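Right, one structure below, let's go through it.
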Amino acid sequence: MPPRSSIDATSDRIIAAATAEFARHGIAGARVERIAKAARTGKERVYAYFRSKEELYRFVAGRELAAMAEAVPLDPTDLPGYAGRMHDHATSHPERHRLMMWGQLELPAGETPSDDPVQESLRGKIEQLRKAQGAGHLDPSWEPEDILVFVSQLALSWAGQTGLVPVGAERDAFMAAHRAAIVAAVQRLFPAAAGDASPAAADS
């Protein structure tokens, strides 16, 4: 058996290659042969780590979602600020946003394993929102699932809009204006709890 460091290096290369491949081509369009070639290994080594292309995608998507959650932690007491920061991260990392969207479009509904990392993350966020409602930080008349979906969709609304976003010097001002619109929309739906966040925090 090769040294553990060699195994780890191979798996790291596979994961990096798969991340780029899935972001570029989606799940159906991704090719394990290309992943193996980019990782400087054989196709059989990819399948030694991951039983299928879908399993590899789920692992990569969970890893990318964890990185996003670490960079932009959910703050149920300041959803307008959270939405603004989520927008910033998604527009700064468009490949991460594309990779996650492919899963929503292509993975079969109802066939997600119970330990899927994406689903685990969503359940954790829903529970955070439910606890915030119980503590009086959020309007309890909303279903926490609706809050999460509405805030996420607003926050990510400009992440994939390539055709409408100008290039060059106009881009920064354009994106800043639409970021402010996202924050304002979330503020109207789910105002930051009084005493939990300053007005500046919601637009930072």
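The values are calculated or read from the model by the stated rules, or taken from the named source; none is laboratory data. Just so we're clear, the structure is a prediction, and the values are computed from it rather than from any experiment. So basically every Cβ, Gly included, is an ideal-geometry build from the backbone, and we count neighbours across all protein chains shown. When the accessible area is computed, the model is the full protein with side chains, heavy atoms only, and any ligands, DNA or RNA have been set aside. Shrake-Rupley method; radii C 1.70, N 1.55, O 1.52, S 1.80 Å.
Key figures
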quantity: Qualifying positions in the stretch 15-52 - more than 26 Å from PRO94 (Cα to Cα), open to solvent by 70 Å² or more (accessible area, probe 1.4 Å) and either in a helix (DSSP H, G or I) or of a type in the set (Phe, Trp, Tyr) (or both); calculated: LYS43, GLU44, ARG45, TYR47
quantity: Answer residue from the stretch 68-101, given it is farther than 11 Å from ALA155 by Cβ and of a type in the set (D, E, K, R) and is surrounded by the most Cβ atoms within 10 Å (Cβ to Cβ) among those; calculated: ASP78
quantity: Residues of the stretch 155-171 classified as touching a Phe, Trp or Tyr at 6+ places or on another chain (Cβ under 8 Å) and in contact (Cβ under 8 Å) with a residue 24 or more places away in the chain, total; calculated: 1
quantity: Near pairs, Cβ below 7 angstrom, 6+ apart or cross-chain, from the stretch 32-52 (under 12 Å from ARG13 (Cα atoms)) to any residue that is open to solvent by less than 70 Å² (accessible area, probe 1.4 Å) and in a loop (DSSP other than H, G, I, E, B); calculated: ALA36/GLY42
quantity: Meets criteria (at pLDDT below 90 and open to solvent by 60 Å² or more (accessible area, probe 1.4 Å)) for LEU65; calculated: no
quantity: GLU120, sole failed condition from (1) more than 14 Å from the chain's Cα centre (by Cα); (2) more than 28 Å from THR162 (Cβ to Cβ); calculated: (1)
